[in-house]
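I have placed the structure first, in the form of structure tokens, so that the comments after it can refer back to it.
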Amino acid sequence: MKVDIEKFGRIAVITIDRPPVNALSQALRKLIEVRLDEAAGDEAVKGVVLACAGRTFVAGADIEELGEVRPPTLHAVIDKLEALGKPSVAALHGTALGGGLELALGCTFRVANRDARLGLPEVKLGLLPGAGGTVRTTYLIGAEATLKLAGSGNMMGVEAAQGIGLVDAVFDNDLVANAIRFLSDRIDADDIPPPVRHRREAMPACDPQALESLTAELCRKARSSAPELAAQSVRNALTLSFEDAMAEERRLFETATQSDRFGALRHLFFAERAAAKPSGDVAEAEPRAVQTVAVIGAGTMGSGIAMAFANSGFDVIVRETDEAALARGMERIADTYDRSVKRGSLSAEEAGRRKARIAGTVAIADLASADLIIEAAFEDMAVKKTIFAEIDAVARQGAILATNTSYLDVNAIARSTTRPADVLGLHFFSPANVMTLLEIVRGDQTAPDVLATALKLARRLGKQPVVVGVCHGFVGNRMLQARNADLSQLILEGAKPAQIDAAFRAFGWPMGPCQMQDLAGLDIGWRNRKALGETDALPDRLCELGRLGQKAGKGWYLYDDNHKPQPDPDVDAIIAEIAEIGGIARRAVTDAEIIDRTHGPMIAEGRRILDEGIAARSSDIDVVWAHGYGFPRDLGGPMYWDDHLRESAQEKKKV
């Protein structure tokens, strides 16, 4: 770790060098201060370029120091930079995130390589920027643009950043040399704006109502109340003095680091990284090369998987059994891209490029060139075994064969081929081009390099991978069955579907189990129960009556043309009838009982999954549920919640 200073005429270049990502530890902050003092005291220096060695600009604070005060603070370093008395420019490459972007905001100017990205990701840890990220940015680009950046935690490309005034110039190469030239030109032209802290009067106007609407939308998308912290600090920047707004930002930050939400989101932050990192024999394996991907099945799931790969630059072959089914699948894919263009989330040119990467076929022989073949057919073991025997006969040696099964035995599927070492499960979640979770199912004979390849593919796809073992339903769906096992009994005893769903939403879920079953289709569970020789009188009756969920216009609820669920008196009558037949006395059921009788069994199943070695870590289960099933991120996942938050929440309710 070092911080160098080198003079190029009248311009001093301060270069931060702390591999791998130049994280702002206490020791690094001390070294930066020393170089800033050196530049300030050198009369020959008329301007300063702040740059970084390695693959990136400062990519954030040192997360191990979060919640601690170790001088010099980042706040103090930025104040020193801003008060240098000489113009400065931050030269950004790679990523400038969190504290890195805040450090850059202490400079007079910011220039960047064209492929650099900027962001304020603290919200993903339940925090807000703590060293001026919401205050200075509001002065520079306005309240709404700042809230979009700090409230989402998403990264922004430099061209977009330049368009809103966050970046002053963009270069294709020779970043430091161009930064020196840029600063020298501005000095020669006597075109030096005041420090950002003094630009309050020039900040863009803000619509308070738009700010409130944006805050609500960000909280909904994040499934967390954390964006409200950034919103409050942005509002403070609009109404308070710089000093007071900065003090409030820091107070909000320090309070947030002591919250249960921060503990939960910090847990998920590290859990997600642990789940994606190869371990054991997989860490030593060399991933196989994959560029051409074949998908068998062009239904909702198959087309979603095809788009997920095409969106990430893979060449995709979609195979269906007949031309009519293939045409429907290709039309589904084209319609999805067209809707994205109409919404403005994708350019027509990029949509065209993605569609061009997807080819269709009905000939199984056309899959011979694929590096990876993913089966996304009907959830039936006989069907899947037949398909795998077919692709085993045509796939090239070294190709990876994957099943997208949600429940079935991956080992049994692998045994239908002559190459079980090349077979694994890739359980995408619907819609596969949107949902982030990817359960990677390792069979008994799956080769380490096949698993290593799957983890590498997940990164390229932008998915959150979790490696799991083979059992019925793997981790997510097995626990989901446990969570919902008592659902019918709860309803028969007196809880209404709408009450159950409301209790789940109050807990933090985006929707409750009854509405979720209606959305997915009640026939999925019905078909699965039939395959296992099981029955569940209440949902089975709904299915027998054609109440298959939203797609049928009725399930647990009635649906209007806008798909809005409404309680249905007919369902109440069916419930009462089945309860009477079963001799079940109906009573009032509390929301607390609903949560206890659904979440308790789910967590107990999670403990059994750990005992059996299906999941390697408790935190892997939390990642599955946070990414695939909507478990509230503010609670850290079901296992974390049970270990750290459940008892205290129950005690608070008693009080």
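Table for the structure above
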quantity: Criterion (surrounded by fewer than 15 Cβ atoms within 10 Å (Cβ to Cβ) and under 22 Å from the mean Cα position of the chain (by Cα)) met by exactly one of Thr257, Thr300; calculated: Thr300
quantity: Residue check for Asn528: closer than 18 Å to Pro431 by Cα, polar (S, T, N, Q) and either touching a Phe, Trp or Tyr at 6+ places or on another chain (Cβ under 9 Å) or part of a helix (DSSP H, G or I) (or both); calculated: no
quantity: Checklist (1) buried (at least 21 other Cβ atoms within 10 Å of the Cβ); (2) more than 25 Å from Gly313 (Cβ to Cβ); (3) of a type outside the set (A, V, I, L, M) applied to Gly469, failing item; calculated: (1)
quantity: Some residue of region 430-445 being of a type in the set (Ser, Thr, Tyr), assigned by TED's automatic domain parsing to the domain that holds Arg396, within 14 Å of His627 (Cβ to Cβ) and in contact with a helix residue (DSSP H, G or I) (Cβ under 9 Å, 6 or more places away or on another chain); calculated: yes
quantity: Which listed residue, of Val176, Val111, is assigned to a strand (DSSP E or B) and farther than 30 Å from Ala247 by Cβ; calculated: Val111
quantity: Flag for Ala91 being of a type in the set (A, V, I, L, M, F, W, C) and either outside the structural domain of Asn154 (by TED's automatic domain parsing) or within 18 Å of Pro195 (Cα to Cα) (or both); calculated: yes
quantity: Only listed residue being touching a Gly at 6+ places or on another chain (Cβ under 9 Å), touching a residue at least 24 places away in the same chain (Cβ under 8 Å) and surrounded by fewer than 17 Cβ atoms within 10 Å (Cβ to Cβ), chosen from Arg328, Arg288, Arg332; calculated: Arg328
quantity: Some residue of region 130-144 being of a type in the set (Val, Ile, Thr), assigned by TED's automatic domain parsing to the domain that holds Val167, assigned to a loop (DSSP other than H, G, I, E, B) and surrounded by 24 or more Cβ atoms within 10 Å (Cβ to Cβ); calculated: yes
quantity: Helices (runs of 4 or more DSSP H) wholly inside region 257-331 containing at least 3 residues that are at negative phi and modelled with pLDDT under 95; calculated: 260-276
quantity: Qualifying residue in region 202-221 (condition: over 31 Å from the mean Cα position of the chain (by Cα) and not in a loop (DSSP other than H, G, I, E, B)); calculated: yes
quantity: Residue within region 108-118 that is under 19 Å from Cys206 (Cβ atoms) and either at pLDDT 95 or above or not assigned by TED's automatic domain parsing to the domain that holds Val45 (or both) present; calculated: no
quantity: Those residues of region 239-248 which are in contact with a helix residue (DSSP H, G or I) (Cβ under 6 Å, 6 or more places away or on another chain) and either free of Cβ contacts under 8 Å to residues at least 12 places away in the same chain or of a type in the set (A, V, I, L, M) (or both), in sequence order; calculated: Ala245, Met246
quantity: Residue in region 193-201 that is exposed (fewer than 12 other Cβ atoms within 10 Å of the Cβ), in the same structural domain as Ile78 (by TED's automatic domain parsing) and in a helix (DSSP H, G or I) present; calculated: yes
quantity: Which numbered condition Lys653 fails, given (1) at pLDDT 95 or above; (2) in a helix (DSSP H, G or I); (3) more than 19 Å from the chain's Cα centre (by Cα); calculated: (1)
quantity: Within region 76-118, tally of residues that are small (Gly, Ala, Ser), buried (at least 24 other Cβ atoms within 10 Å of the Cβ) and out of contact with any Cys (no Cβ under 6 Å at 6 or more places or on another chain); calculated: 9
quantity: Subset of region 614-649 [hydrophobic (A, V, I, L, M, F, W, C), in a helix (DSSP H, G or I) and buried (at least 20 other Cβ atoms within 10 Å of the Cβ)]; calculated: Ile621, Val623, Val624, Trp625, Ala626, Leu635, Met639, Trp641
quantity: Residue within region 36-52 that is in contact with a helix residue (DSSP H, G or I) (Cβ under 8 Å, 6 or more places away or on another chain), under 23 Å from Arg266 (Cα atoms), among the basic types (Lys, Arg) and assigned by TED's automatic domain parsing to the domain that holds Ile180 present; calculated: no
quantity: Candidate set: region 149-178, residues that are in contact with a helix residue (DSSP H, G or I) (Cβ under 8 Å, 6 or more places away or on another chain) and surrounded by 21 or more Cβ atoms within 10 Å (Cβ to Cβ); chosen: the one nearest to Val13 (Cα to Cα); calculated: Val167
quantity: Helices (runs of 4 or more DSSP H) contained entirely in region 533-613, each with at least 1 residues that are among the aliphatic types (A, V, I, L, M) and in contact with a Ser or Thr (Cβ under 8 Å, 6 or more places away or on another chain); calculated: 537-544, 591-612
quantity: Leading residue by the ranking (surrounded by the fewest Cβ atoms within 10 Å (Cβ to Cβ)) among those in region 543-565 that are more than 30 Å from the chain's Cα centre (by Cα) and more than 18 Å from Asp523 (Cα to Cα); calculated: Asp561
quantity: Count of residues meeting criterion [surrounded by fewer than 18 Cβ atoms within 10 Å (Cβ to Cβ) and outside any helix (DSSP H, G or I)] in region 22-40; calculated: 1
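The rows are residues; the columns are (1) closer than 18 Å to Val316 by Cβ; (2) touching a residue at least 40 places away in the same chain (Cβ under 8 Å); (3) crowded, with 16+ Cβ neighbours inside 10 Å.
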| position | (1), (2), (3) |
| --- | --- |
| Ile373 | yes, yes, yes |
| Ala376 | yes, yes, yes |
| Val410 | no, yes, yes |
| Val423 | no, no, yes |
| Val434 | yes, yes, no |
| Val441 | no, no, yes |
| Asp444 | no, no, no |
| Leu457 | yes, yes, yes |
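Here's the yes/no breakdown for (1) at pLDDT below 95; (2) farther than 29 Å from Leu125 by Cβ; (3) over 32 Å from the mean Cα position of the chain (by Cα):
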site	(1), (2), (3)
Leu36	no, no, yes
Ala39	no, yes, yes
Val48	no, yes, yes
Phe57	no, no, no
Asp62	yes, no, no
Gly67	yes, no, no
Arg70	yes, no, no
His75	yes, no, no
Thr95	no, no, no
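The values are calculated or read from the model by the stated rules, or taken from the named source; none is laboratory data. Model, not experiment: these values are computed from the prediction. Backbone-built Cβ (ideal geometry, glycine too); neighbour counts: all protein chains shown.
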